[in-house]
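Novice: Dumping the structure here so I can ask a few things about it.
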Amino acid sequence: MRLAGTLLMAVSLAACSPKPQAPAGPDPATVLQAYVDAWNRHDSLAIDTLLAPAGVHEDLAWSFHGVGPAAVNGFMRDVMRVSPDYHWVITSSFTDGHNIAGEWTWTATFTGLSPTGPVTNQHVAGRGVAVAHIVDGKIARLSDYYDAASFFPKQAPDSARQ
C-alpha cells in the first residue's frame, strides 16, 4: 500500500512538472532548411519572409554582421558575385526549444580575393556550423562558424611547381 501511494505521488508530481516550451509556428529545423533552400535558389523574397525584420545573420569567417533582410540580401548578392554556383547543405542538426544548431557543407566555384590570395574559378568546399534562434517561425539570429581558409586548397609554392 505504501509503495502504491509513493508511485501515485511520483506520477502526480511528474504530471505537474513544467514541460519544455515548444516553439510557436514551424519547427526550427524546418525554418533553417527553408532558409538554406532560399540561399541555394538565390531567392531574396524568401529571405524577406524567413528572417525577422530585425533578424541578424552573422558570417564570422567573412566578418559579416547583417541586421534585417535587406542587409542579408546584399550579402547574398556579394556571395553570388564570387561564387555564383554555391550549394549549401545541412548535414545534421539538433534543436532545443527555439534554438537549432546545424552542421553544413558548402561547395562553390570561387573567383575573387580568397584567404590564400586572388583566385579564378577555384573549386572550394568546406564544413561549418550554423546556430540559430527561431521566434514565431522566423530567424531572429543566425551565426555561421567555420574556417574560411580551410575551404581553399593549399597551393604549392612557386618553386615546387617548376
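Novice: Placing +1 on the Cβ of each Lys and Arg and -1 on the Cβ of each Asp and Glu in the stretch 22-146, which of PHE110, GLY74, ALA38 has its Cα farthest towards the positive end of the resulting dipole?
Specialist: PHE110
Novice: In addition: Where a ≥ b ≥ c are the square roots of the eigenvalues of the C-alpha gyration tensor, would you call the stretch 22-146 rounded, which needs a/c under 1.5, or, failing that, prolate if a/b is larger than b/c, or oblate?
Specialist: prolate
The numbers here are math on the coordinates, done by the rules we state, and not lab data. Note that this is a predicted model, so its numbers are computed, not measured. Using ideal geometry, Cβ is built from the backbone for each residue, glycine included, and neighbour counts are taken over all protein chains shown.
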